[in-house]
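Note sheet for the following structure.
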Amino acid sequence: MFDTIAPRYDLMNRLMTFGLDQSWRHGAVAALGLPEEARILDLACGTGDLTRLALRRGYRVVGTDLSAGMLAANRTGVPLIEADGSRMPFADGAFDGLLCGYALRNFTDLPATLAECARVLRPGGRLSLLEVDAPTSRLWRAGYDVWFTRAVPLLGGAVSDRQAYRYLPRSVAYLPPGSTLRRMLRESGFSAVGIRPLAGGLSQLVLATRTGVPTS
């Protein structure tokens, strides 16, 4: 599916979010708070939106994604590796920071992927994840339901692939609740876990710091 939508993926992201996704990505990169030359892994890097922003901050970035089509559409010039997030081919503690944009709900084995994120980060390394969310406000939720569950599939059909953009709004159901995600991150070896709602809950930023050996 992601191979198919790769050529129009960036355009659809801008249209779906009215361009808000770019400010959210800026915030995710800034939230790492690491010095220049820090080693960053962009997990599920796709076409490279987060990578480009990380490069502007002077970070050294490696991208990895399971989709060969996404990697083929990635023009960032950084090292790119096709890999499963639950079995990454990197040494323990290889990175100072890890970015991931809108992919948590697509990992088949989320606990194993979070454990791998902890493994490839050095102690004290920073994790910054962007993911969609569902607004809790009744007004925001009504608008969200109309736009993402009805309009987005139609827009996707006109611009890219309708079936893919039927799946993407529905995939929110695969996200664990915030309390469960916090617990999963702590059990994987992270501390100082924080979840920030963005734009009334349309999106969320998940931040955490790598501690010691995972407890499970």
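Structure notes:
- Taking Arg126, Arg56, Arg105 as the candidate residues, the one with maximal mean-square fluctuation in a Gaussian network model of the chain, Cα springs under 10 Å, is Arg56.
- Taking label positions 7 Å along the Cα-Cβ direction at both Thr180 and Ala83, the computed distance is 2.7 nm, reported to one decimal.
- Considering only Ala151, Ala118, Ala44, the mean-square fluctuation computed in a Gaussian network model of the chain, springs between alpha carbons under 10 angstrom, is largest for Ala151.
- Put simply, the amide H of Ile81, placed in the peptide plane, has neighbours under 5 Å in Gly63, Thr64, Asp65, leaving out anything fewer than 5 places away on its chain.
- Student exercise, the stretch 1-121 dipole from Lys, Arg, Asp, Glu Cβ charges, in Debye to nearest 20: 340 debye
- The value obtained for the stretch 54-138, namely the Cα convex hull volume divided by the number of residues, is 145 Å³ per residue.
- Pairwise Cα inverse-distance average, inverted: Kirkwood Rh of the chain (Å): 17.4 Å
- A simple spin-label model places the labels of Met1 and Ala134 1.6 nm from each other, with each point 7 Å out along Cα-to-Cβ.
- Max mean-square fluctuation residue, GNM over the chain, Cα-Cα springs under 10 Å, options Ala83, Ala192, Ala28: Ala192
- Over the stretch 96-198, volume per residue of the alpha carbon convex hull, in Å³: 112 Å³
- Residue range of the chain that is longest and free of GluC sites (Glu not before Pro) which are both DSSP loop and sparsely packed (at most 14 other C-beta within 10 Å): 38-216
- Couplings 3J(HN,Hα) of the stretch 122-132, computed from phi: 6, x, x, x, 10, 10, 9, 10, 9, 8, 6 Hz, in residue order, whole Hz [Karplus 6.51 cos²θ - 1.76 cosθ + 1.60, θ = phi - 60°; x for Gly and Pro].
- Here the chain carries DSSP beta bridges of which approximately 45% are antiparallel, counting only pairs with both residues inside.
- In a fully extended conformation the segment linking Arg196 and Asp10 would gain 64.6 nm over its present Cα-Cα distance, using 0.36 nm per residue.
- Once both labels are positioned 7 Å from their Cα atoms along Cα-to-Cβ, the gap between Glu36 and Ala158 label points is 4.4 nm.
Laboratory data are not the source of any read-out in this text; all were calculated from the coordinates shown. Here the structure is a predicted model, which is why all the values come from computation and not from measurement. Methodologically, a virtual Cβ is constructed for each residue, glycine included, from the backbone with ideal geometry; neighbour enumeration extends over all protein chains shown.
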